[in-house]
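First comes the structure, then the notes that go with it.
The values are calculated or read from the model by the stated rules, or taken from the named source; none is laboratory data. Remember, it's a predicted structure, so these values are computed and weren't measured experimentally. Using ideal geometry, Cβ is built from the backbone for each residue, glycine included, and neighbour counts are taken over all protein chains shown. Side chains are part of the model used for accessible areas, which takes the heavy atoms of the whole protein and leaves out ligands, DNA and RNA. Shrake-Rupley method; radii C 1.70, N 1.55, O 1.52, S 1.80 Å.
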Amino acid sequence: MNYNIALVPGDGIGPDVTAESVKVMDKVGEKYGHKFQFTTVLAGGAAIDAEGTCLPRNTVDVCKNSDAVFLGAVGGWKWDTLPGDQRPERAILGLRKELGLFANLRPALLFEELAGACPLKAEIIEGGLDIVVVRELTGGIYFGEKGYKNTELGRAAYDVEQYSEEEVKRIAVVAFDMAMKRNKKLISVDKANVLESSRLWRSVVTEIAKGYPEVALNHMYVDNAAMQLVRDPKQFDVIVTSNLFGDILSDEASMITGSIGMLPSASLAKGNFGLYEPIHGSAPDIAGQNKANPMASILSFAMMMRYTFGLTNEADEIEKAVKSVLGKGCRTADIMSPGYELIGTKEMGDRIVKAIDEQ
Ligand code: NAD
């Protein structure tokens with residue numbers, strides 16, 4: 001089968017890690033008889049330099065006409081002095097909006113082979129961790145009314161947290177579907193003891209739960225969830241939450257795995273369309289030096305196989321190859337510890353391709 005993928009390498013280590021993912025895509029295509037066709041487009045700083053804007057119209061059009069979008073990372077020191085609305089990172093917000101990407105899936109997966117990188121005590125993470133945070137991505141306080149006004153206490157600023165029933169429903173459905181594919185456990189995180197928007201969130205999630213009798217749904221206040229994630233992370237399987245709470249909790253969940261270079265993400269629209277990218281940024285400090293860990297990017301490709309193309313065996317195969325290479329002791333600098341073999345970005349890509357070949 002043919003799949004059209006918009007490739008957005010971006011800036012910094014974006015092109016470094018994307019190149020390794022493309023090697024893996026070619027290998028998976030060859031092994032399983034698929035044709036992954038790429039159209040490479042500009043976004044972020046690279047697009048600012050070439051076309052004066054971080055998200056050229058052609059990029060949006062190519063992404064919209066593709067089956068899925070694969071992104072490296074955007075941003076870097078060179079563009080740090082630009083005003084906020086002209087910075088490379090605006091390209092990501094623009095793509096989310098243009099492509100209707102309302103659900104962000106972030107797995108926080110601690111490979112047993114990397115347990116040493118986790119800042120939590122060994123007994124807390126025994127057997128590894130496998131959590132998915134489903135974050136609402138296009139609503140809530142980041143997109144609500146905002147502004148300044150003068151008050152008798154001086155200037156005041158406000159940002160409105162608002163959720164409609166429909167917005168909560170569609171993210172809840174993504175989360176319940178995800179729970180059904182995993183361990184049938186869902187925790188919905190809100191602040192319903194204080195916020196009206198959270199009370200609506202909770203009641204809509206509870207209604208949707210009626211359609212998923214096999215899923216055990218629990219609700220948790222966000223302050224408690226932040227604490228429980230470090231106290232007993234294994235109680236979580238799928239977490240669903242709002243844009244703001246999800247932003248914070250997904251970073252917390254990923255950092256307890258201790259390895260920013262290992263974590264993929266997916267942002268999904270209605271249907272199967274999605275944008276896939278590693279959670280890390282453009283890491284300008286190591287860009288172009290063959291030092292970046294390409295595994296987060298390669299695992300993002302596995303997510304694309306699973307969630308957009310429904311190619312479960314291919315996704316399993318990529319994840320297995322990553323695990324096998326880690327099991328053989330290969331490490332990039334970010335996950336290196338004494339006694340292991342230090343290799344570069346390209347070698348890591350090659351080893352994963354070889355592992356897929358040999359599986
Ligand atoms: P970062 O994730 O780029 O880097 C943080 C640290 O982690 C750095 O020391 C970096 O070397 C290291 N690191 C990150 N990814 C790595 C990998 N794959 N392998 C090895 N080490 C890795 O975050 P930052 O430094 O805060 O941001 C740098 C730039 O990236 C900024 O311009 C920021 O706005 C942008 N950014 C972009 C995205 C995105 O494109 N989605 C996300 C976050 C940050």
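Here is how the numbers come out for the structure above:
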item	result
Options Tyr148, Tyr142, Tyr158: the member that is open to solvent by 70 Å² or more (accessible area, probe 1.4 Å), touching a residue at least 60 places away in the same chain (Cβ under 8 Å), among the aromatic types (Phe, Trp, Tyr) and outside the structural domain of Asn58 (by TED's automatic domain parsing)	Tyr142
Any helices (runs of 4 or more DSSP H) falling wholly within segment 1-87 and containing at least 3 residues that are in the same structural domain as Glu317 (by TED's automatic domain parsing) and among the hydroxyl-bearing types (Ser, Thr, Tyr)	14-32
Residue ID - farthest from the ligand (Cβ to nearest atom), chosen from residues in segment 337-350 that are farther than 14 Å from Met25 by Cα and open to solvent by less than 90 Å² (accessible area, probe 1.4 Å)	Gly339
Filter pass, Glu252 being closer than 30 Å to Gly310 by Cβ, under 14 Å from the mean Cα position of the chain (by Cα) and either at pLDDT 90 or above or surrounded by fewer than 24 Cβ atoms within 10 Å (Cβ to Cβ) (or both)	no
Residue check for Ser242: away from the ligand (no atom under 16 Å from the Cβ), in contact (Cβ under 8 Å) with a residue 24 or more places away in the chain, more than 14 Å from the chain's Cα centre (by Cα) and crowded, with 24+ Cβ neighbours inside 10 Å	yes
Test: residue in segment 16-33 that is open to solvent by 60 Å² or more (accessible area, probe 1.4 Å) and under 22 Å from Ala269 (Cβ atoms)	no
Test: residue in segment 265-276 that is surrounded by 24 or more Cβ atoms within 10 Å (Cβ to Cβ), within 13 Å of the ligand (Cβ to nearest atom), among the aromatic types (Phe, Trp, Tyr) and closer than 23 Å to Val174 by Cβ	yes
Test: Gly327 is among the small types (Gly, Ala, Ser) and either within 16 Å of the ligand (Cβ to nearest atom) or surrounded by 23 or more Cβ atoms within 10 Å (Cβ to Cβ) (or both)	no
Verdict on Thr257 being touching a Leu at 6+ places or on another chain (Cβ under 9 Å) and farther than 20 Å from Phe70 by Cα	yes
Residue tally, condition surrounded by fewer than 12 Cβ atoms within 10 Å (Cβ to Cβ) and more than 8 Å from the ligand (Cβ to nearest atom), over segment 71-93	4
Members of segment 39-70 found to be open to solvent by 60 Å² or more (accessible area, probe 1.4 Å), hydrophobic (A, V, I, L, M, F, W, C) and within 23 Å of Ala296 (Cα to Cα), listed by number	Leu42
Where Met336 falls short, out of the listed (1) touching a Leu at 6+ places or on another chain (Cβ under 6 Å); (2) modelled with pLDDT of 95 or more	(2)
Residue among Asp232, Asp247, Asp237, Asp223 that alone is within 15 Å of the ligand (Cβ to nearest atom), surrounded by fewer than 24 Cβ atoms within 10 Å (Cβ to Cβ) and charged (D, E, K, R)	Asp247
Residue match in segment 124-135 (condition: within 15 Å of the ligand (Cβ to nearest atom), surrounded by 24 or more Cβ atoms within 10 Å (Cβ to Cβ) and within 14 Å of the chain's Cα centre (by Cα))	yes
